[in-house]
1. Taking Gly327 as the residue in question, decide whether it is open to solvent by 50 Å² or more (accessible area, probe 1.4 Å), assigned by TED's automatic domain parsing to the domain that holds Val294, at pLDDT below 95 and on the phi > 0 side of the Ramachandran plot.
2. From the list Arg274, Arg317, Arg311, exactly one residue is in contact with a strand residue (DSSP E or B) (Cβ under 6 Å, 6 or more places away or on another chain) and open to solvent by 80 Å² or more (accessible area, probe 1.4 Å). Which is it?
3. Consider only pairs whose beta carbons are under 6 Å apart and that are at least six residues apart or on different chains; among these, list those whose first residue lies in segment 354-368 and is surrounded by 14 or more Cβ atoms within 10 Å (Cβ to Cβ) and whose second residue is assigned to a helix (DSSP H, G or I) and at pLDDT 95 or above.
4. What single numbered condition from (1) of a type outside the set (D, E, K, R); (2) open to solvent by 20 Å² or more (accessible area, probe 1.4 Å); (3) in contact with a Ser or Thr (Cβ under 8 Å, 6 or more places away or on another chain); (4) at pLDDT 95 or above fails to hold for Ser296?
5. Being out of contact with any helix residue (DSSP H, G or I) (no Cβ under 7 Å at 6 or more places or on another chain), under 26 Å from Arg108 (Cα atoms) and among the small types (Gly, Ala, Ser) is the filter here; which residues of segment 268-297 pass it?
6. Consider only pairs whose beta carbons are under 6 Å apart and that are at least six residues apart or on different chains; among these, list those whose first residue lies in segment 256-278 and is more than 21 Å from Glu301 (Cβ to Cβ) and whose second residue is open to solvent by 50 Å² or more (accessible area, probe 1.4 Å) and modelled with pLDDT of 95 or more.
7. Determine the pairs where a residue that is closer than 17 Å to Thr39 by Cα and at pLDDT below 95, located within segment 79-104, has a partner that is not acidic (Asp, Glu) and not in a helix (DSSP H, G or I) with Cβ atoms under 9 Å apart, the partner being 6 or more residues away or on another chain.
8. Here are some conditions: (1) in contact (Cβ under 8 Å) with a residue 12 or more places away in the chain; (2) of a type outside the set (Ser, Thr, Tyr); (3) within 16 Å of the ligand (Cβ to nearest atom); (4) open to solvent by 40 Å² or more (accessible area, probe 1.4 Å). Glu136 meets all but one. Which one does it not meet?
Amino acid sequence: MLIDGVHYRSIWPAEDGGSVLIIDQRKLPFDVEVETIRTYREMVVAIRDMHLRGAPLIGAAAAYGVYLACLELANDEPAQFDAAVDRAMAELREARPTAVNLHWAIERQRMALSCCSSPDEKARAARRTADAIAEEDMEICARLGTHGTRIVSALSEEAGGRTLNVLTHCNAGWLATVDYGTVTAVIYEAAAQGIPLHVWVDETRPRNQGALTAWELTQNNVPNTVICDNAGGHLMQNGMVDLAIVGTDRTARNGDVANKIGTYLKAVAAYDNRVPFYVALPSPSFDAEMPAGVGSIPIEERDPGEVLSVRGMRAGREETVALYPEGTEAANYAFDVTPAHYVTGYITEHGVFTASELAEGLMAGQSS
Ligand code: MRU
């Protein structure tokens, strides 16, 4: 998507193939900085410390991390190479626990590497697989846009063509994927089709991913307003939200949805106010191995310091300031799970499904 009119992806291999470039999301929305990732360990840090974030992008980044590991280890003897790449894959896999895309991408690399013999061959296969995952992610997001726009278009017709208010939580935008985004693919496609839209952007404490969403929507000319995390219920109760669409880091087979902390409360408010609540779900975020999500999907707990402080800009300089006196206790649960019965539908690359249709719909789509 666009930054100051120039097209960017969130991750791409360097021209000489020796490193991988990412947009350092810690600097956004004030500064656009490209970071060069040279080793798989740097990729582990980039994922863990959220230089990049968002489930689909974490998957693509892990795949490129495996490629970097293969490059670094290419001069090892084959047996040592295999053991060291296995360790690298384990480290990458442990970088963050909730997004299933990370496991999915590592398993896909493992399969690709198992078909090759020499380290050189494996490095080439790892690069091909990482590139394929990135390309497929863009294709999937584009298809989410097409399927989701049908929902938006029907609601717009029902509303007589007035501006539709869409609420979203966290950043399920192009920054969270390789390009387009999952939720924002729907928004960008609907806007491109001339459907008048306005987006309520949840601030999403403590990491303020809403700032990323607002920034990217503005860069791409979509009207939006940031609201504090607790405002959604009030807006829904007063008829100011026509549709909620959120992303997901992992959706279980029964349709329970893990997403950024606070999603569950929005789903409950949407249900109480009969606001349609959709999940933009690319198939790599679907965990077919997990029968149900509540109580089973691992929920990341991050540094409480993220709750106790806030980062911002003052006079052109980045600053982190304390919000609480030293010694204050805090807990930082990064995700929650929304039970499937609150979800109106899942927008996937194979179509829009209800919870009871989801597993079969995705399976049928993958085999067709
Ligand atoms: O902690 P983050 O910023 O990686 O969490 C991201 C989210 O929760 C997104 O909404 C989710 O990954 C879906 S992104 C397409």
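1. no
2. Arg311
3. Here the result reads Ala355/Ala340; Leu362/Ser283, each pair linking segment 354-368 to a residue that is assigned to a helix (DSSP H, G or I) and at pLDDT 95 or above.
4. (3)
5. Correct list: Ala292, Gly293, Ser296.
6. Pairs found: Asn273/Gln237; Pro276/Thr344; Phe277/Thr344; Tyr278/Thr344.
7. Hits for this filter: Phe81/Ala74; Phe81/Asn75; Phe81/Ser118.
8. Result: Glu136 passes all but (1).
The values are calculated or read from the model by the stated rules, or taken from the named source; none is laboratory data. Nothing here was measured: the structure is a model prediction, and the numbers come from that model. Virtual Cβ from ideal backbone geometry, glycine too; neighbours counted across all protein chains shown. Ligands, DNA and RNA are stripped out before the accessible areas are found, and what is left, the full protein with its side chains, is counted by its heavy atoms. Shrake-Rupley method; radii C 1.70, N 1.55, O 1.52, S 1.80 Å.
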